[in-house]
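The next block holds one structure in the form of structure tokens; read it before the comments.
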Amino acid sequence: MRISLTGAGLLSFERRLTQDEQKDYKQNAMTPALDYLGTKEVSMIVHGTCFPEDTRDLGAGSPYGKVAAQFIPFEILHGFNSNQLGPVGTIRNPRRISPYKSSINSKSFLFIDFNELTKKEYANILTEKDLDRVMLKPESTPNNYTYSNFPEAFANYNYLIQKARLNLRSKVLAKDPDAINLQKEYNEFKKSKGNVLYKEALFKVLEDTYRTDNFDEWSEVDKNLIEGLTNRDPDAMARYSVILARSKTDLYNFMFGQFLINKQIKENTKLRKELHFKYNNDLQGGFSKSEEWANQDIFLSDYRLGCPYGGSNNGPQHWDLPVLNPKKLFNKDGSLGEAGIYLKNKFETALEDFDNTRIDHVLGLIDPYIYNKNTKVGNNVSNMPDIDPDGNYKQVLDKIILPVLKEHNIDKNTPIWENLGATTPVFDEIYYKKNNLPGISQLEWMRGENCIGSENWGLIGSHDSDPATLMIKKDWVRNSDAWNPLYLAGLLNSNPERKTERDEFCKKIAEDDSERIKAKFAELFYTHKRVQISFADFFGINKTYNVGGHENNTNWKLRLNKDYEQDYYDNLSSEHPTAINMPEILKMAVQAKLDSDTVKKNPVDKEKVNQILENLDKYETILKTPEEE
């Protein structure tokens with residue numbers, strides 16, 4: 001028994017599963033239920049910085065290192081077999097923390113687990129005292145969530161990475177064998193990835209110098225520094241000498257940080273393979289300013305990526321993201337051009353050390369909406385023959401994206417294709433008619449019954465959505481067809497012989513919002529083979545991770561606290577639980593499928609299914625029951 005504080009600040013006696021119960025729960029309740037439903041993947045939407053606090057914390061979460069290694073088994077226990085991460089690229093500024101503004105080429109250095117650097121595998125290049133001097137020590141609070149502290153995370157990183165790099169150098173000079181081995185790994189890393197990453201490091205130095213990533217505001221030499229260095233232009237060479245003299249420490253620290261995070265990513269990948277747990281990357285639809293700066297010849301200089309509607313008064317959205325020059329996607333002979341090679345490499349990088357990927361804003365890869373950055377006038381590329389005279393964007397899916405997926409043994413129906421929102425006739429023709437690709441079913445406003453049998457990923461809320469507890473408070477959600485109690489009751493209780501149960505269920509979910517939320521998640525599992533659930537929904541957190549299209553001081557900061565497991569079980573056994581009780585949800589979904597199989601006279605072992613229902617009911621009750629002294 002554990003005594004703890006619930007989110008309301010009241011004492012609770014939580015009831016966790018014992019070791020024997022965990023085995024039975026997994027083998028005889030969760031796994032058989034998901035198998036009967038035909039579920040292929042259950043993925044938690046949890047961006048990297050949302051991962052739980054450590055007892056000694058940098059200031060932001062990490063999907064790598066010790067905390068992630070402890071978190072994954074907890075997820076597996078409750079039916080998850082993957083995480084949907086956000087983009088894992090470098091966030092260079094504590095004031096601009098959206099992961100969708102990051103670069104694909106470099107990884108977020110905030111994900112480094114510095115605790116690992118006190119171990120022999122990392123040549124003990126940091127000490128416990130080094131960490132205690134600066135890292136945060138989170139305390140328990142009545143809330144079942146916390147927020148990342150990005151200014152502290154950046155400051156802590158800058159201090160620790162400098163100390164770790166200098167300590168490695170000192171240990172190598174002292175002929176420490178562990179340090180020599182680590183240095184060898186670092187040298188090999190620089191050989192394989194140094195060219196691209198060094199450009200990222202240079203951009204970071206110049207961005208800090210000018211205090212803006214808009215390189216159009218930089219001097220001509222700095223704006224075109226990479227081209228100048230490639231051509232050995234005297235002015236560029238002289239400027240580089242100044243940068244190196246003034247900022248070589250920053251450049252070296254950047255490279256060393258990239259080495260460490262890449263090393264820890266490899267270690268995490270090995271762990272996940274042993275646990276049969278997947279990480280899905282999130283490939284953002286656009287490119288970063290650093291990528292454009294280092295490769296200006298392959299981008300359109302005067303155009304930016306946006307979206308044709310969804311902005312003010314449902315007008316265009318101006319995302320200010322670089323756009324690849326369509327004329328450089330393919331050569332005249334059909335082979336990949338410079339831009340095509342770069343795009344292919346981007347996809348290759350997105351799948352490195354990942355099992356799958358979410359492909360953000362697929363329209364932008366097939367028929368992007370682009371606008372002149374000066375006039376803001378725009379259109380979809382298919383309507384701009386002067387920009388894309390050969391229709392090269394129409395070929396990207398077939399000639400670049402699908403072949404890369406095939407090379408990585410990923411079926412074309414497996415990625416999370418983000419097809420929501422904008423569409424065009426060209427997009428519909430290529431994406432749906434020609435390739436018959438799936439997409440996302442957003443049950444926040446859609447009925448799951450219309451998606452049965454599809455390959456779509458189903459979800460009720462994304463990283464840009466309110467958790468269901470806040471979602472249902474909106475009249476347009478609560479009163480919509482997608483959340484209609486008669487619809488949900490009928491879908492989940494379709495056997496006419498269970499009419500009494502259906503009527504009682506309908507009355508219950510009509511009168512109690514929390515019960516209707518449970519019905520929606522049961523609908524999700526019943527109607528989709530691949531599902532995603534946000535971490536806020538699963539843990540019953542009534543805060544929004546990111547309010548899409550709006551600026552506020554908490555966007556991108558929500559994360560799990562160090563007591564996430566305790567808080568989860570406390571929530572389930574509280575008087576008004578908001579966390580997801582997985583056996584309870586699956587019990588409703590399994591009953592819905594049993595009803596459907598019975599009505600349709602599909603072959604079904606009813607005795608076996610009823611045993612699954614009985615086991616689910618058992619663990620639903622256990623998780624709801626507080627343990628008294």
Practice task
Could you compute the FRET efficiency for Lys137 and Lys332, with r as their C-beta to C-beta distance and R0 at 60 Å, rounded to 0.05?
Solution key: 0.45
Exercise for the section: Report the extension gain between Thr554 and Leu173 in nm, rounded to one decimal, defined as 0.36 nm multiplied by the number of residues separating them, less their alpha carbon distance. Expected result: 132.6 nm
Fill in the blank from the handout: With -39,500 (n - 2.57) per DSSP H segment of 4 or more residues and division by the full residue count of the chain, the 222 nm estimate, nearest 500 deg cm²/dmol, is -13500 deg cm²/dmol
Handout entry: segment 59-133: C-alpha gyration tensor shape, a/c 1.5 cut-off, then a/b vs b/c
Key = oblate
Problem - Solvent-accessible area per residue, Å², over the chain with all protein chains present [probe radius 1.4 Å] - result: 43 Å²
Problem - Accessible surface of Trp319 - all protein chains present, 1.4 Å probe, nearest 10 Å² - result: 70 Å²
Completion exercise
In this structure, the FRET efficiency calculated for Asn409 and Lys499 from their beta-carbon separation, with R0 = 45 Å, to the nearest 0.05, is 0.40
Fill in the blank from the handout: Within segment 249-290, the residues whose backbone N lies under 19 Å from a label point placed 7 Å from the Cα of Lys223 along the Cα-to-Cβ direction are 288-290
Problem - Net lengthening on full extension, Val547/Thr621 (0.36 nm per residue, minus Cα-Cα) - result: 23.2 nm
Handout entry: Theoretical FRET efficiency, 1/(1+(r/R0)^6), r = Cβ-Cβ of Asp208 and Glu274, R0 41 Å, to 0.05
Key = 0.55
Handout entry: Ranked by how many other beta carbons lie within 10 Å on average, peptides 517-528, 123-134, 597-608 from highest
Key = 517-528, 123-134, 597-608
Completion exercise
Restricting to Cα pairs under 8 Å and 6 or more apart, the percent relative contact order of segment 229-349 works out to 15 percent
Completion exercise
Heads up, segment 501-629 by the C-alpha gyration tensor (a ≥ b ≥ c square roots of eigenvalues; a/c under 1.5 rounded, else a/b over b/c prolate, else oblate) looks prolate
Exercise for the section: Roll a 1.4 Å probe over the protein heavy atoms and report the accessible area of Thr423 in Å², nearest 10. Expected result: 60 Å²
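Report the far tail of the P(r) of segment 140-195, meaning the percent of Cα-Cα pairs longer than 13 Å.
Tail of P(r) above 13 Å: 71 percent of Cα pairs.
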Practice task
Any chance you could run the full-extension gain for Asn314 through Thr118? It's 0.36 nm times the residue separation minus the Cα-Cα distance, nm to one decimal.
Solution key: 65.3 nm
Exercise for the section: Could you please state, rounded to a whole Å, how far the C-alpha centre of segment 439-477 is from the C-alpha centre of segment 583-629? Expected result: 23 Å
Exercise for the section: Could you tell me what percent of the accessible area of the chain is made up of carbon and sulfur, with a 1.4 Å probe and every protein chain present? Expected result: 49 percent
Problem - Label-point gap, in nm, between Asn231 and Asp428 - each point 7 angstrom along Cα→Cβ - result: 4.7 nm
Handout entry: Counting DSSP beta bridges with both ends in the chain, the antiparallel % (nearest 5)
Key = 50 percent
Problem - Probe 1.4 Å - accessible area at Ile400, Å² to nearest ten - result: 0 Å²
Practice task
Starting from the Cα of Lys434, draw a straight line to each of the lysines and keep only those under 26 Å, dropping any in the same chain fewer than 8 residues away.
Solution key: Lys40, Lys327, Lys328, Lys332, Lys344, Lys346, Lys394, Lys399, Lys406, Lys412, Lys529
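Relative contact order (percent) for segment 97-162, with alpha-carbon contacts under 8 angstrom and 6 or more residues of separation? Write out the running numbers ahead of the final one.
Working: 26 pairs, mean separation 20.5, N = 66.
In percent, rounded to a whole number, it is 31.
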Fill in the blank from the handout: Shape descriptors of the chain over alpha-carbon atoms, Rg and Dmax in angstrom, are 25.9, 86
Fill in the blank from the handout: Expressed in angstrom and rounded, the centroid-to-centroid distance over alpha carbons for segment 71-134 and segment 366-393 is 38 Å
Problem - List Lys507, Lys175, Lys190, ordered by accessible area with a 1.4 Å probe, largest first - result: Lys175, Lys507, Lys190
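Any idea what the relative contact order of segment 483-629 is, in percent, if you count C-alpha pairs under 8 Å spaced at least 6 apart?
Reported relative contact order: 26 percent.
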Handout entry: segment 266-318: proportion of alpha-carbon pairs further apart than 16 angstrom, %
Key = 66 percent
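The values are calculated or read from the model by the stated rules, or taken from the named source; none is laboratory data. For clarity, every value in this text was computed on a predicted model and none was experimentally measured. Methodologically, a virtual Cβ is constructed for each residue, glycine included, from the backbone with ideal geometry; neighbour enumeration extends over all protein chains shown. Accessible surface areas use protein heavy atoms only, side chains included; no ligands, DNA or RNA. Shrake-Rupley method; radii C 1.70, N 1.55, O 1.52, S 1.80 Å.
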